[in-house]
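A.B. asks: Sharing a structure here in C-alpha cells format.
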Amino acid sequence: MSRTEAPPLPEPLRVPVADSHTHLDMQDGTVEEGLARAAAVNVTTVVQVGCDVKGSHWAAETAAAHPSVHASVALHPNEAPRIVHGDPEGTARQGAREPGGKAALDEALAEIDALAALGHVRAVGETGLDFFRTGPEGVAAQEESFRAHIEIAKRHGKALVIHDREAHADVLRVLADAGAPERTVFHCYSGDAEMARICAAAGYFMSFAGNVTFKNAQPLRDALAVAPTELVLVETDAPFLTPAPYRGRPNAPYLIPVTLRAMAEVRNTDEDTLAAAVYDNTARAFDF
C-alpha cells in the first residue's frame, strides 16, 4: 500500500455533515472532484481556510463559485513572523522573502480585512499562536497579528478560527484580554480535558480532526468526552492529519466519516445523532 495513495471512500454517513476546516488548495485533483467525493459520503459542506493573503483570496473566490464551500481568511500564525522578519529559507509556499517589517504586516492585514467584509467569507482564521514552528523572535509578530484578526472578526461579525499549537495558556490569555468574538472555533483542538472545560465555559467551539484517532492521543479523546455536544465540530485539516488507519496518507474531506465514527465511539453515542449535532453546530459557528 503506497503512502501517497489516497485512502478508499468510507461507507457514507446517513446524516449530512460538514468539514469545518480544510485546505482544498493543497489537495490533489480539482475542487469539483474533491467536493463530489465528499458529497458521495454525505459530507455536504466544507469550510475552506486561507493561511496567507494569496490563499485567502483563493478561499474567497472558491466559496463564491461553489455553494457548498464557505471561506475563512487569515494570515496563519507562522505567516506573520515571515512577513515581518523575512523567510530567507523559503519555508512557506511563497519561497524566500525579504523582511518587510510592521508596514508589510499592516498591508497584509488590510487585505484580510477587506476579504472579511465579503458575504461568502464566514470566518477570520486560521489565526492564533504557534510556538512549535516559530521561535521566541517571532512571538511578538504572532501576537500582534492574532489581536488584529480578533478585531477584524468582531468588526465584521464573523467567526474566529484559532490555530493553537503548544501555546494554550497564551491563546486563552489573548482571547480573554482582547475579548473573543461571539463565535470562536478552536480548530484541530489540541488541549486536554481541563482546557476543554475552560473552552466550554467560554462558549468556544472545539473542532476535532483525524489525530483524535491516533494511538497516543488519549488526552484528546478525554477532552472530546467532556466537551458539550453543542460545541463539538469535526474537520479534516486536509491534506494533513489523516485519521487511522490511513495515517500518513493524503487526507481529504471525504474521510470525515472515519473521524466522526471514532468520535461517536469516544462519546458513546450513535453516528447519526453526532452527525446531526455537528452539522447544526457548524452552521451556527459559521452562520450559514
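A.B. asks: Which of the residues that make up region 114-138 are modelled with pLDDT of 95 or more and either closer than 17 Å to Val53 by Cβ or among the β-branched types (Val, Ile, Thr) (or both)?
C.D. replies: Of everything in region 114-138, those that are modelled with pLDDT of 95 or more and either closer than 17 Å to Val53 by Cβ or among the β-branched types (Val, Ile, Thr) (or both) turn out to be Ala114, Leu115, Ala116, Ala117, Leu118, Val121, Ala123, Val124, Gly125, Glu126, Thr127.
A.B. asks: Moving on. Of the residues that sit in region 12-35 and are small (Gly, Ala, Ser) and touching a Phe, Trp or Tyr at 6+ places or on another chain (Cβ under 9 Å), which one is surrounded by the most Cβ atoms within 10 Å (Cβ to Cβ)?
C.D. replies: Going through region 12-35, the residues small (Gly, Ala, Ser) turn out to be 18, 20, 29, 34.
Going one step further and asking which of them are touching a Phe, Trp or Tyr at 6+ places or on another chain (Cβ under 9 Å), we end up with 18, 20, 34.
On the way: Ala18: 28, Ser20: 33, Gly34: 20.
Within region 12-35, the match that is surrounded by the most Cβ atoms within 10 Å (Cβ to Cβ) is Ser20.
Here is a yes/no grid of residues against (1) under 21 Å from Thr273 (Cα atoms); (2) touching a Ser or Thr at 6+ places or on another chain (Cβ under 8 Å):
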| residue | (1), (2) |
| --- | --- |
| Leu9 | no, no |
| Val17 | yes, yes |
| Thr22 | no, yes |
| Gly29 | no, no |
| Glu32 | no, no |
| Arg37 | no, no |
| Thr44 | yes, yes |
| His57 | no, no |
| Glu61 | no, no |
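A.B. asks: Only one residue in His168, His149, His156, His187 is touching an Asp or Glu at 6+ places or on another chain (Cβ under 6 Å) and not hydrophobic (A, V, I, L, M, F, W, C), so which one is that? Spell out how you get there, then give the answer.
C.D. replies: Working: His168 fails: touching an Asp or Glu at 6+ places or on another chain (Cβ under 6 Å); His149 fails: touching an Asp or Glu at 6+ places or on another chain (Cβ under 6 Å); His156 fails: touching an Asp or Glu at 6+ places or on another chain (Cβ under 6 Å).
Result: His187 is the single residue among His168, His149, His156, His187 that is touching an Asp or Glu at 6+ places or on another chain (Cβ under 6 Å) and not hydrophobic (A, V, I, L, M, F, W, C).
A.B. asks: Could you say whether any residue in region 157-168 is farther than 20 Å from Ser20 by Cβ and among the charged types (D, E, K, R)?
C.D. replies: Scanning region 157-168 turns up at least one residue that is farther than 20 Å from Ser20 by Cβ and among the charged types (D, E, K, R).
A.B. asks: For region 231-251, state whether one or more residues are modelled with pLDDT of 95 or more and assigned to a helix (DSSP H, G or I).
C.D. replies: There is at least one residue in region 231-251 that is modelled with pLDDT of 95 or more and assigned to a helix (DSSP H, G or I).
A.B. asks: Identify all residues within region 149-161 that are in contact (Cβ under 8 Å) with a residue 40 or more places away in the chain and surrounded by 20 or more Cβ atoms within 10 Å (Cβ to Cβ); write none if there are none.
C.D. replies: Within region 149-161, His149, Ile152, Lys158, Ala159, Val161 qualify.
A.B. asks: Give the residues of region 264-278 that are in a helix (DSSP H, G or I) and surrounded by fewer than 22 Cβ atoms within 10 Å (Cβ to Cβ), sorted by residue number.
C.D. replies: Ala264, Glu265, Val266, Arg267, Glu271, Asp272, Thr273, Ala276, Ala277
A.B. asks: Given the residues Ala64, Ala108, Ala40, Ala117, which is the only one that is surrounded by fewer than 24 Cβ atoms within 10 Å (Cβ to Cβ) and farther than 26 Å from Glu182 by Cα? Steps first, answer last, please.
C.D. replies: Details: Ala64 fails: farther than 26 Å from Glu182 by Cα; Ala108 fails: farther than 26 Å from Glu182 by Cα; Ala117 fails: farther than 26 Å from Glu182 by Cα.
The unique qualifying residue is Ala40.
A.B. asks: Please enumerate the residues belonging to region 182-230 that are assigned to a loop (DSSP other than H, G, I, E, B) and either in contact (Cβ under 8 Å) with a residue 60 or more places away in the chain or among the aliphatic types (A, V, I, L, M) (or both). Steps first, answer last, please.
C.D. replies: Initial filter on region 182-230 (assigned to a loop (DSSP other than H, G, I, E, B)): 182-183, 187-192, 203-204, 209, 214-217, 227-228.
The answer is Arg183, His187, Cys188, Ala209, Ala217, Ala227.
A.B. asks: Pairs under 9 Å by beta carbon, first residue more than 17 Å from Val124 (Cβ to Cβ) and in contact (Cβ under 8 Å) with a residue 24 or more places away in the chain in region 277-288, partner part of a helix (DSSP H, G or I) and open to solvent by less than 10 Å² (accessible area, probe 1.4 Å), six or more apart or different chains?
C.D. replies: Val278/Leu260; Val278/Met263
A.B. asks: I need the full set of residues from region 233-252 which are surrounded by fewer than 24 Cβ atoms within 10 Å (Cβ to Cβ) and touching a strand residue (DSSP E or B) at 6+ places or on another chain (Cβ under 7 Å), in order please.
C.D. replies: If the condition is that a residue be surrounded by fewer than 24 Cβ atoms within 10 Å (Cβ to Cβ) and touching a strand residue (DSSP E or B) at 6+ places or on another chain (Cβ under 7 Å), then Asp237 is the only one that fits.
The values are calculated or read from the model by the stated rules, or taken from the named source; none is laboratory data. Values in this document were obtained by computation on a predicted structure and should not be read as measured data. Note that we place each Cβ from the backbone using ideal geometry, even for glycine, and neighbour counts take in every protein chain shown. Only protein heavy atoms, including side chains, enter the accessible area calculation; ligands, DNA and RNA are left aside. Shrake-Rupley method; radii C 1.70, N 1.55, O 1.52, S 1.80 Å.
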